[in-house]
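The values are calculated or read from the model by the stated rules, or taken from the named source; none is laboratory data. These figures come from a predicted structure and were not determined experimentally. As a convention, Cβ positions derive from the backbone with ideal geometry for all residues, glycine included, and neighbour counts pool all protein chains shown.
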Amino acid sequence: MSDIRKKVDALVRPEIRSLSAYHVPDASGLVKLDAMENPYAWPAELKAGWLDALGRVPVNRYPDPGARALKEQLRSALGVPEGAGLLLGNGSDELIQILLLALARPGACALAPEPTFVMYRMIATLVGMPFVGVPLREDFALDRAAMRKAIAAHRPAVVFLAYPNNPTGNLFDRADVEAVLAESPGLVVVDEAYHAFAGDSLMAGLGSSDRLLVMRTLSKQGLAGLRLGVLAGPGAWLEELDKVRLPYNINSLTQASAAFAVAHAAAFEAQCARIRADRERLYGELTKLAGVRAWPSRANFILFRVESRPADEVFARLRRAGVLVKNLNAAGGPLAGCLRVTVGTPEENDAFIAALKDAL
Ligand SMILES: *Cc1c(COP(=O)(O)O)cnc(C)c1O
């Protein structure tokens, strides 16, 4: 045993050994409000058509490596401006990995405000790229002066801005985003994973800068199981990134399912509209509770801090009552005492609020 440990320590890069694996808790039997999934299944009236489309996929053949048909559909569905290119990933996580693999030259670094989506830092570490986190202001807005200073000092190859931000749920001020874009020497990736709930986008602004990329995903909209992320931006960048992509990263079943879903986008948009309305109701309920501070959200989740009891204890009590949320307390700093709840069905939201009242 100790022999293998020595070998592992000798051969595996130290920055990998010191990482803890991305932990996905077992949710079986629980009301699952931890991962920003859409709680609704495919509408019953679409299922037969979808299964029919899947039945026609020649799975004995390799997928179309360029996913050309799907890309054409996405281009109009997502409103990608004329002249911008598209790159598809196995989830936007893979797109982040492709970007950082391509940019990780010696001396290059990545930068993002924090707290934010943890994969930016994690994947940067995986590819051996230094990562600079710049604290958000106390109200979770971008700290313009701190960003300007950090960008000038570190000259990052890429800046990630989650718009809206995860786990805080807020949409950064557009003028602050544009200031980051103006002051950055490298790429700025605006990650619009929660676009369906946000009511704002930088997609139409592609082309206003040759360093702006906009990233989307179908995950939070109702297709987390498919794994499809989309990166839009100037062709000159995407052509290089495409060389890093493994040729068949989007499998045939995902291509066919996504094509079918995009052709029936209205059904998913109806679900997202429902979720947006329920988010407002859930936020209203949370703000009524004594000992809870909730932040307004432009995404499909709500960040809240519990003040009457340690967050770890509230989290455990919720779990015992059958409700799984995300515990962010361990991240500390501005997230100390914080939990994050995904907007579920009205019944799930009610179950969560009832369990939270008992847990506080
Ligand atoms: C969930 C999330 C993603 C990951 O999306 P996938 O396409 O499922 O990999 C990307 N960015 C942000 C900000 C997220 O919260």
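Brief remarks follow.
- For the range 206-220, the candidate set comprises residues that are assigned to a loop (DSSP other than H, G, I, E, B) and more than 8 Å from the ligand (Cβ to nearest atom); within that set, the residue that is nearest to residue 110 (Cα to Cα) is 211.
- Taking the conditions (1) within 15 Å of the ligand (Cβ to nearest atom); (2) within 20 Å of the chain's Cα centre (by Cα); (3) assigned by TED's automatic domain parsing to the domain that holds residue 177 in turn, residue 241 satisfies each one other than (1).
To keep it simple, each residue is scored yes or no on (1) away from the ligand (no atom under 16 Å from the Cβ); (2) touching a residue at least 40 places away in the same chain (Cβ under 8 Å); (3) under 26 Å from residue 273 (Cβ atoms); (4) in a loop (DSSP other than H, G, I, E, B).
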{"residue": "52", "(1), (2), (3), (4)": "yes, no, no, no"}
{"residue": "59", "(1), (2), (3), (4)": "yes, yes, no, yes"}
{"residue": "80", "(1), (2), (3), (4)": "yes, yes, yes, yes"}
{"residue": "94", "(1), (2), (3), (4)": "no, yes, no, no"}
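- All of (1) at positive phi; (2) at pLDDT 95 or above; (3) small (Gly, Ala, Ser); (4) surrounded by fewer than 19 Cβ atoms within 10 Å (Cβ to Cβ) hold for residue 236 with one exception: (1).
- The helices (runs of 4 or more DSSP H) found wholly in the range 128-205 and carrying at least 2 residues that are modelled with pLDDT of 95 or more, in contact with a Leu (Cβ under 7 Å, 6 or more places away or on another chain) and not assigned by TED's automatic domain parsing to the domain that holds residue 13 occupy 144-154, 174-183.
- Pick from the range 179-195, criterion within 12 Å of the ligand (Cβ to nearest atom) and of a type in the set (A, V, I, L, M, F, W, C), ranking: nearest to residue 159 (Cα to Cα): 189
- Selection status of residue 36, within 30 Å of residue 336 (Cβ to Cβ), buried (at least 20 other Cβ atoms within 10 Å of the Cβ), within 16 Å of the ligand (Cβ to nearest atom) and under 20 Å from the mean Cα position of the chain (by Cα): yes
- Contact map, the range 332-343: residues that are without any contact (Cβ under 8 Å) to a residue 60 or more places away in the chain paired with residues that are small (Gly, Ala, Ser), Cβ distance under 8 Å, separation 6+ or inter-chain. Pairs shown: 336/311; 337/311; 339/311.
- For the range 8-33, the tally of residues that are part of a helix (DSSP H, G or I), surrounded by 10 or more Cβ atoms within 10 Å (Cβ to Cβ) and out of contact with any helix residue (DSSP H, G or I) (no Cβ under 9 Å at 6 or more places or on another chain) stands at 0.
- Residue selected from the range 290-300 under the condition touching a residue at least 24 places away in the same chain (Cβ under 8 Å) and in contact with a helix residue (DSSP H, G or I) (Cβ under 8 Å, 6 or more places away or on another chain), by the criterion surrounded by the most Cβ atoms within 10 Å (Cβ to Cβ): 299
- In the range 223-237, the residue that is farthest from residue 298 (Cα to Cα) out of those that are more than 12 Å from the ligand (Cβ to nearest atom) and under 20 Å from the mean Cα position of the chain (by Cα) is 233.
- Within the range 182-193, the residues that satisfy the criterion of being in contact with a Lys or Arg (Cβ under 7 Å, 6 or more places away or on another chain), surrounded by fewer than 19 Cβ atoms within 10 Å (Cβ to Cβ) and without any contact (Cβ under 8 Å) to a residue 60 or more places away in the chain are 183, 185.
- If you go through the range 207-233 and keep only what is closer than 18 Å to residue 181 by Cβ, touching a residue at least 12 places away in the same chain (Cβ under 8 Å) and surrounded by fewer than 20 Cβ atoms within 10 Å (Cβ to Cβ), you end up with 207, 209, 210, 211.
- Residue match in the range 110-117 (condition: modelled with pLDDT of 95 or more, surrounded by 19 or more Cβ atoms within 10 Å (Cβ to Cβ), among the charged types (D, E, K, R) and not in a loop (DSSP other than H, G, I, E, B)): yes
- Hits in the range 96-141 - residues which are charged (D, E, K, R) and either within 16 Å of the ligand (Cβ to nearest atom) or closer than 18 Å to residue 237 by Cα (or both): 105, 114, 121
- Contacts under 9 angstrom Cβ, first residue in the range 16-41 being more than 23 Å from residue 193 (Cα to Cα), partner away from the ligand (no atom under 14 Å from the Cβ) and assigned to a loop (DSSP other than H, G, I, E, B), 6 or more apart: 29/322; 30/322
- The listed residue being surrounded by fewer than 23 Cβ atoms within 10 Å (Cβ to Cβ), of a type in the set (A, V, I, L, M) and within 14 Å of the ligand (Cβ to nearest atom), out of 198, 267, 259: 198
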